[in-house]
Every structure is written in structure tokens, then in C-alpha cells.
Amino acid sequence: MLGPLCVFAPRLAQAKRLGLLEYGALANRYVLEFDGKWLRGGAPLDEPLVGSGDIQSLNDLAGSFEVVQTMRPFPFSKTALLQIAIAVLAPMLPLT
């Protein structure tokens, strides 16, 4: 039942690799700029840290990177595979 979905596995794996590369580069650049601005004294003196969108943006970027990082090559989980196997094999138990 899940076999046809395996056709998408190479494309999903490629999308994950490309996403990790692109988001990793973006995250690296953003973190370096954030570090330079807020931790190394690059922020203007009149710019308050509280209320700055920089920290929220950093958190949002981390969440986006985590989504890409947790992508699976197969569009189904082990749980779904196990549920289907049980549903297929359960009716055969009385016969065996």
C-alpha cells in the first residue's frame, strides 16, 4: 500500500539535502550578523534589545531549519507502516 509513495523518496532526500545547505548558509550568515550586532557591540546605542525583532527572527529561522532537518525520505512514518502490517496480518492469525 505504501510502495507507490516510495517513488518520492529520492526527491525528498534531495530536497532535504538542498534545504539543509541553503538554510544552513542563511542561518550561518544570520547568526554571524546577530553575534556582531548584539554580542560584539555593533548595535547602535539607542537601539533597545527588548522589543527588537532580531531575536524573534533568529528563533523563527531556527524553527524553519528544524523543519528541514527533521524531513524524512519517506512520506510515511514507522507507525503507519506498523499499523498497516498489523491490519493486514491480524485477520490471518486465526488461520495460522
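Can you pull out the residues in the range 62-96 that are hydrophobic (A, V, I, L, M, F, W, C) and under 17 Å from A13 (Cα atoms)?
Answer for the range 62-96, where residues must be hydrophobic (A, V, I, L, M, F, W, C) and under 17 Å from A13 (Cα atoms): F65, V67, V68, M71, F74, F76.
Does the range 40-56 contain any residue that is within 18 Å of the chain's Cα centre (by Cα) and of a type in the set (A, V, I, L, M)?
No, the range 40-56 has no match at all.
FYI, it's all coordinate maths here, none of it is from the lab. The shown structure was predicted, so the numbers you read here are calculated from the model rather than taken from an experiment.
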